[in-house]
1. Considering each residue of the range A:559-575, count those that are in contact (Cβ under 8 Å) with a residue 60 or more places away in the chain and not in a strand (DSSP E or B), and give that number.
2. Which members of the range A:568-588 meet the condition of being open to solvent by 30 Å² or more (accessible area, probe 1.4 Å), in contact with an Asp or Glu (Cβ under 7 Å, 6 or more places away or on another chain) and not charged (D, E, K, R)?
3. Within the range A:236-250, work out how many residues are more than 10 Å from RNA strand B (Cβ to nearest atom) and either open to solvent by 20 Å² or more (accessible area, probe 1.4 Å) or more than 41 Å from the chain's Cα centre (by Cα) (or both).
4. Search the range A:458-494 for residues being β-branched (Val, Ile, Thr) and surrounded by 15 or more Cβ atoms within 10 Å (Cβ to Cβ), and hand back the single one that is farthest from residue A:187 (Cα to Cα).
5. Step by step: first the residues of the range A:141-171, then only those that are part of a helix (DSSP H, G or I) and away from RNA strand B (no atom under 16 Å from the Cβ), then the one that is least open to solvent (accessible area, probe 1.4 Å). Which residue is that?
6. So residue A:590 passes all but one of these: (1) free of Cβ contacts under 8 Å to residues at least 12 places away in the same chain; (2) within 11 Å of RNA strand B (Cβ to nearest atom). Which condition number does it fail?
7. Quick test of your reading of the structure: residue A:56 fulfils all but one of (1) open to solvent by less than 10 Å² (accessible area, probe 1.4 Å); (2) in contact with an Asp or Glu (Cβ under 7 Å, 6 or more places away or on another chain); (3) within 23 Å of residue A:509 (Cα to Cα). Name the failing condition by number.
8. How many residues are open to solvent by less than 10 Å² (accessible area, probe 1.4 Å), farther than 13 Å from residue A:4 by Cβ and near RNA strand B (Cβ under 8 Å from one of its atoms) if we restrict to the range A:616-632?
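The values are calculated or read from the model by the stated rules, or taken from the named source; none is laboratory data. The model shown is predicted, which means the values in this text are computed figures rather than measured ones. Methodologically, a virtual Cβ is constructed for each residue, glycine included, from the backbone with ideal geometry; neighbour enumeration extends over all protein chains shown. Keep in mind that these areas ignore ligands, DNA and RNA; they rest on the heavy atoms of the full protein, side chains included. Shrake-Rupley method; radii C 1.70, N 1.55, O 1.52, S 1.80 Å.
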Amino acid sequence: MYDHQALEKKWQKIWQDSNLYKTVEDFSRPKYYILDMFPYPSGAGLHVGHPKGYIATDIFARYKRLKGFNVLHPMGWDAFGLPAENYAIKNKIHPKKATDENIATFKKQLSILGFSYDWEREINTTDPSYYKWTQWIFLQMWKNGLAYESFEPINWCPSCQTGLANEDLENGLCERCGSEVEQKPMRQWVLKITDYADRLLDDLEKLPDWENSIKDMQKNWIGRSYGTEIIFKVKNSKSEIKVFTTRVDTIFGCTYVVLAPENKILNELKDKIINFSAVQDYLEITRHKTELQRTDLNKNKTGVILEGVYAINPFTGDELKIFVADYVLNYYGTGAVMAVPAHDERDFEFAEKYGLKIKTSIGQKINGRMISGAKSCFTADGYLVDSGDFTGLSSEEARLKLTAWLEKNNLGSSKVNYKIKDWVFSRQRYWGEPIPLIHCPKCGIVAVPEESLPLTLPKVESYEPSGTGESPLVGISDWVNTSCPKCGGPAKRETNTMPQWGGSCWYYLRYIDPKNDLALVNKEKEKYWSPVDFYVGGAEHATRHLIYARFWHKFLFDIGVVNYDEPFTRLQHVGLIMGEDGRKMSKRWGNVVNPSEIALKYGADSLRVYEMFMGPFSQAVAWNTNGLIGARKFLEKVENLLSNFSTDLEPEIEAEKILSLLHKTIKKVQSDIESFSFNTAVSALMIFVNECTAYKQTTGKLPLNKDNLKIFIKILAPFAPHLSEEIWQILGEKTSVFKSSWPEFSEDLAKDKLINLPVQVNGKLRAILVVEAGISEEDAIRLAFENEKVKTYVAGKELSKKIFVYDKLISLVVK
RNA sequence: GGUCCAGUGGUGGAAUUGGUAUACACGCAGCACUUAAAAUGCUGUGCCCAAAAGGCGUGUGGGUUCGAUUCCCACCUGGACCACCA
């Protein structure tokens, strides 16, 4: 047993007093920038799941320092956002005060775990000297036409009283409070992320060290699809209906056309629609539906025919019925689709319900014969049937030829569509960065001059949303009423604030140069430290933070602020730690485990080792206090083995086997840290300690001399820094183990002299030969045949095949 | 419905350019120490069989191979993300 509390406290103080983790600006050394996704400092404090990623990056940072790298490993706070604001409303406390208190709690909790952050670089997104630059970036985007004002309907959360981006929804519900989101036309600021959609997608190729799962999620989210835009003329009218389809090859099966309820063309056709009042009734019903009701997959598809108007199929000249139906979304493609019930399930469902014609235009070739006229809907590619001049072509060929025909006749063109929408970037709430724009009745929208940034948040009496869809800032007339920077006349400030995701889009750049008041980041420093070499955090950020940050970074690259157009070279996501009951840790289930309590009771080192040992890093695992005790026992064994070293006999013997094991362990731990396989690294350390303990028990001596024991402490140190530092000093060292260097292993020593060589007969394991490594095929086979066990299986049989895999196995086949 | 990932002992998991399946840890059982318990140490622990020998065994079924947890095909189950995206 060792007194972890005293020991950990002692070393944390010494490390802090000696500034051990201060980043040195030595540009001559190779750098390594390893970053955690910075936390939102909530009132609830940390639970044991939060530090999992921080422990991993801490181990990695310590390892890289030992390897001789100049390491940047900072921490900060993503502190704007709704929870602090809601807390402020409830308790009448300024959100800044609540935020500062939470940060203090978080920082204390983190410090107990012994992380090696350079706290001199701490940043806070709510600090005006920080958000000055968030505002500055916004202004650059605005000046470059990437931020625009829009009045389109957006997602509105009635409970949070704010507009939301598409990314902020979960199954049509507000991700934060679970309320049903309404579509509400709002004045808002939007960032043109769609301008970067292609680069965001294509440049994923530049990121081989990102996990595929995250890249796939981003690809999905961006959702690029290649297709064709087709013009359907409206009979006896100048109006035309544009549709987007990826399956132009099915167009000869098109039997009607469907418009989204919000499609503007409805207004154009108004006078021709005989049953317009029925149509209006339908639009009214749709308007009152929530997004959730409209997109519910189980719902019955509904729609109304537009009597008296017909669309013309550009290929066949057929007159097609036109419907309005809310299964067509106005915000994707053109807000209108050509319906091919024979080859699209949604259209099929709709056509069946309303008794519409179903016409096959794609068939399959089976055994060289065309099979067409499938009874239900056939959605795969095939060969065109009943398709005029295009009959017989494959779907793929047809798409090219049909599109070419449309282009030639000015009836359409090839077109790319994206699922990703422009980013709704304004919130009607208080606790966010003010958008630095001014509305002047004469000059229009004018930027706050850069030299007067930051535009700070004014103090308000009440943080309640105004209830009118505007932020509480509208009530601060002193602040709102200002003069136009251009003409000097009276003008009003923009009262929307930025969403929580703003500050986190570029924070990793600020750590490089956190106190610079003249620039976002000094160019020379940026060139040295950027990009982030390794970024670790939760997978829930795959389609928000990580897309947003890549977008901003590319923009910053385009305007020359950064020197490379991708911000994060390697990305690793951390798996959740679930409660002991297998459920997500939450107050609601009463299964939250507090890391500070665990660290005080069992030691920070035990917690660190356990969290790394639990299972594969990226996988979700349930917390288990017994498992934690196992990690604690391992450290006690280490302590027991080495801390009373000075009273032990100085070992003269170098037990050969254990020396070899030591070098194997260095090799294994090193490659496991590099690949983030901490669970097997810990296991290798345990195996080594078990062997030493067993040796000591039988001989009463340690199997290794002091220098070799020090090597072991070096590789243990990143995992259990406090205990390792203590033993390091007991072994006679005066400076920190973290000022030493990572040990080199000897390939020669790490190799086994004797190996097990399994012998299989007819695919079944029959014997294991212990032989010298590097044994020749001839010798190995001879030994195999001399083996009694093998003899019983091969005796009297004919040998038909023998396989020898060098230092791996022998496989004999007999008949 | 789409995209992706995963199914191995009582539990967390290990092993993949195809080569001894179950490392390491937890749990459990037995033993030692103890008046006793805890702690600690030792031993055992995939299944069938009293044991040995042997057989079976990595979700299910098939295939390729001297050899498959690993590769291929089909299916089942679970998870993550997205979802009427035309």
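1. Selection size over the range A:559-575: 4.
2. A:569, A:573
3. Number of matching residues: 6.
4. By that ranking, first place goes to A:460.
5. Here the residue is A:141.
6. Every listed condition holds for residue A:590 apart from (2).
7. Here residue A:56 clears every test but (2).
8. Count: 0.
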